[in-house]
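One structure is given below, encoded as structure tokens.
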Amino acid sequence: MRENLFGSEDGDLVLRDDQAEFFIVLDETARRRNLGARLRLIDSGAFSVVELERLGAAGADLFTSDKAGRTPADLFILNRAAKRGGGRLVYFHHGPLEAKAGDSAAPSSALAEAVRDGMALFLSNRETARSAADLSVLAEESRRGGNLLGYYHHGPLFPGLFELARRGAWIHFAAAPEKENDDVPVLIAIAAEAATAGGGMIIHVERPYSESAFEDLLAAGAAVLFRTPPSDYRSPIRRIEETAARRRLDPRAYYLYSDFMR
């Protein structure tokens, strides 16, 4: 396969909207689509909604967020365009879900409508606290729209994760165990519940669990992504790492990159 002006082979390409002019991106979108590949465009606000609509209709997967300043009406336009092009509109919401003083509606209401229309939604609690009630509603509306909610969870586990799992969400968790005996049984239960509902538990490992804990997590259906250096070949964890690496993660389970904990 030849290299093109983006320095990438003719497979899928992730491109930010300020890395090339619009018509170059449009041509590249069509070229990749004809090859059976996808161009995944990160929307930072450099292109107009009309330009993004054309890119979506041409076959680009559009990755945007509240930081790009798109309105609820924009999201409906872009989602319909992405559908026409055989792609997806994927949205990451960083800010609060509650209404501010003077607002006519909460962001959660607009997001619920957009995900019912088929937009894929991701959230995280790293910068903004999330309520179990809001997450559960958005997970259910996502499922009605044909997608599964993606949620990146930082900090201690909490009961609301079970409800998300029952609604088939993709739940990412950064595992840095201090008290393995407290976390592992809960993680196993959440992973099994999510897998049964069609979603999954994705565990980003920052400090290893025991061999038996990893085996139980993998048996429950969890995906384990190691963010630690590879273990020595004599370590029993090395076999776990190799087994986990062979488990393919659904590309709809993460926002752009599988190994990044947002």
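What number, in percent, do you get for the relative contact order of the chain if the mean sequence gap of Cα pairs under 8 Å and at least 6 apart is divided by its residue count?
After rounding, I find 11 percent.
Expected output is a single nm value to one decimal: the length gained when fully extending between K67 and D12, i.e. 0.36 nm times separation in residues minus the C-alpha distance. What is it?
Between K67 and D12, full extension yields an extra 17.4 nm.
Would you mind classifying the stretch 169-232 by shape? Square roots of the alpha carbon gyration tensor eigenvalues, ordered a ≥ b ≥ c; an a/c under 1.5 is rounded, otherwise it is prolate if a/b is larger than b/c and oblate if not.
Prolate shape, in that a/c is at least 1.5 and a/b is the bigger ratio.
Would you calculate, for the chain, the mean residue ellipticity at 222 nm contributed by helices, counting each DSSP H stretch of 4 or more residues as -39,500 (n - 2.57) and dividing by all residues, to the nearest 500? Show your work: numbers first, answer last.
Values: 9 runs with 102 residues, N = 262.
Helix-only estimate at 222 nm: -12000 deg cm²/dmol.
Could you go through the stretch 138-151 in sequence order and give the Karplus-derived ³J(HN,Hα) for each residue, using 6.51 cos²θ - 1.76 cosθ + 1.60 with θ = phi - 60°, rounded to whole Hz, and x for Gly and Pro?
Couplings: 5, 5, 5, 5, 4, 5, 5, x, x, 10, 10, 5, x, 9 Hz.
What fraction of the Cα pairs in the chain, stated in percent, has a spacing above 35 angstrom?
Percent of Cα pairs beyond 35 Å in the chain: 21.
Can you tell me how the stretch 90-152 classifies by the Cα gyration tensor, rounded, prolate or oblate, using a/c under 1.5 as the rounded cut?
Working: a/c = 1.85, a/b = 1.27, b/c = 1.46.
Verdict is oblate for the stretch 90-152.
For the peptides 197-205, 35-43, what is the packing order when you average, over each peptide's residues, the other Cβ atoms within 10 Å and list the highest mean first?
Values: 197-205: 22.4, 35-43: 19.0.
The densest-packed peptide leads the list: 197-205, 35-43.
With charges set only on the Cβ (+1 for Lys and Arg, -1 for Asp and Glu), what does the dipole of the chain come to about its Cα centre, in debye to the nearest 20?
Details: 33 positive and 38 negative charges, 119 e Å.
That gives a dipole near 580 debye.
Counting only residues 5 or more places away or on other chains, whose amide H sits under 5 Å from the amide H of V224 once H atoms are built in the peptide plane?
I203
Which order results if T64, T128 are arranged by neighbouring Cβ count within 10 Å, fewest first? Mind dumping the intermediate values first?
Values: T64 23, T128 13.
Ordered from fewest to most neighbouring Cβ atoms within 10 Å, T64, T128 come out as T128, T64.
Sort H172, H93, H153 by Cβ crowding within 10 Å, fewest neighbours at the top.
Numbers: H172 26, H93 20, H153 23.
Ranked by crowding around the Cβ, least crowded first: H93, H153, H172.
Quote the relative contact order of the stretch 46-86 in percent (integer), defining contacts as alpha-carbon pairs under 8 Å separated by 6+ residues.
Computed value for the stretch 46-86: 60 percent relative contact order.
Just to check I understand the Karplus step: with θ = phi - 60° and J = 6.51 cos²θ - 1.76 cosθ + 1.60, what whole-Hz values come out for the stretch 243-248, glycine and proline as x?
5, 5, 5, 7, 7, 6
Loop-only check: which trypsin sites (Lys or Arg not before Pro) in the stretch 155-234 are DSSP coil with at most 10 other Cβ within 10 angstrom?
Answer by residue number: K179, R234.
Hey, what do the phi angles of the stretch 71-78 turn into as Karplus ³J(HN,Hα) couplings, whole Hz, using 6.51/-1.76/1.60 and θ = phi - 60°, x for Gly and Pro?
Listing the rounded values in order: 7, x, 5, 4, 5, 5, 4, 5 Hz.
Read the figures in this text as sums done on the coordinates, not as results from a lab. What you are looking at is a predicted structure, and each value in this text was computed from that prediction instead of being measured. So basically every Cβ, Gly included, is an ideal-geometry build from the backbone, and we count neighbours across all protein chains shown.
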